[in-house]
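Read the structure below first, then the notes.
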């Protein structure tokens, strides 16, 4: 049976007892759950209150993820300490993430969801999926996939609106 890694991830989460329903997925209007409870590998950024946050779910095998990373890096540099980008890797093997990160030098935070608990709670529809949060941790915008310059312009517009 030839299945994509995202399908395998979804199947694994279902078999582990995590059922994806419309009510379980993170969506616009929801508050991001406390990340400390998900046993993510890597340091979590401190002091998110009052900042715009982009939480991006990605995988090393995802070509659009690789295309998005330079945009996220540009945004992190442009907005500095008013924006926090947190990339959540869903790779099964840490070596795959490390190899990807050696090819894509970035200035933002990266953690690995080795137990697949956060990805199960957020239930992203595709890779990459990003959630843009306001200063109170509420999801204001969601991006499924990456569509080049159009997506970059949307991020800039959303960040600017949330910083006002």
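The values are calculated or read from the model by the stated rules, or taken from the named source; none is laboratory data. Remember, predicted model here, so these are calculated numbers, not experimental data. Every residue, glycine among them, receives a Cβ derived from its backbone with ideal geometry; neighbour counts consider all protein chains shown.
Of the helices (runs of 4 or more DSSP H) lying entirely inside the range 89-164, those carrying at least 2 residues that are touching a helix residue (DSSP H, G or I) at 6+ places or on another chain (Cβ under 9 Å) and over 17 Å from residue 53 (Cα atoms) are 94-103, 117-122.
Every residue in the range 95-123 that is farther than 26 Å from residue 25 by Cβ and either in contact with a strand residue (DSSP E or B) (Cβ under 9 Å, 6 or more places away or on another chain) or buried (at least 22 other Cβ atoms within 10 Å of the Cβ) (or both), please. The answer is 101, 106, 107. Restricting attention to the range 58-73, the residues that are in contact with a helix residue (DSSP H, G or I) (Cβ under 8 Å, 6 or more places away or on another chain) and either farther than 20 Å from residue 122 by Cα or at pLDDT below 95 (or both) total 2. With respect to being more than 15 Å from residue 76 (Cα to Cα) and more than 14 Å from the chain's Cα centre (by Cα), residue 147 fits the description.
Taking the range 131-154 as the search range and keeping residues that are within 17 Å of residue 121 (Cβ to Cβ) and touching a residue at least 24 places away in the same chain (Cβ under 8 Å), which one is surrounded by the fewest Cβ atoms within 10 Å (Cβ to Cβ)? The residue in question is 138. The set of residues from the range 74-86 being closer than 20 Å to residue 119 by Cβ and either part of a helix (DSSP H, G or I) or touching a helix residue (DSSP H, G or I) at 6+ places or on another chain (Cβ under 7 Å) (or both) comprises just one member, 85. Scanning the range 56-71 turns up at least one residue that is buried (at least 17 other Cβ atoms within 10 Å of the Cβ), assigned to a loop (DSSP other than H, G, I, E, B) and touching a residue at least 60 places away in the same chain (Cβ under 8 Å).
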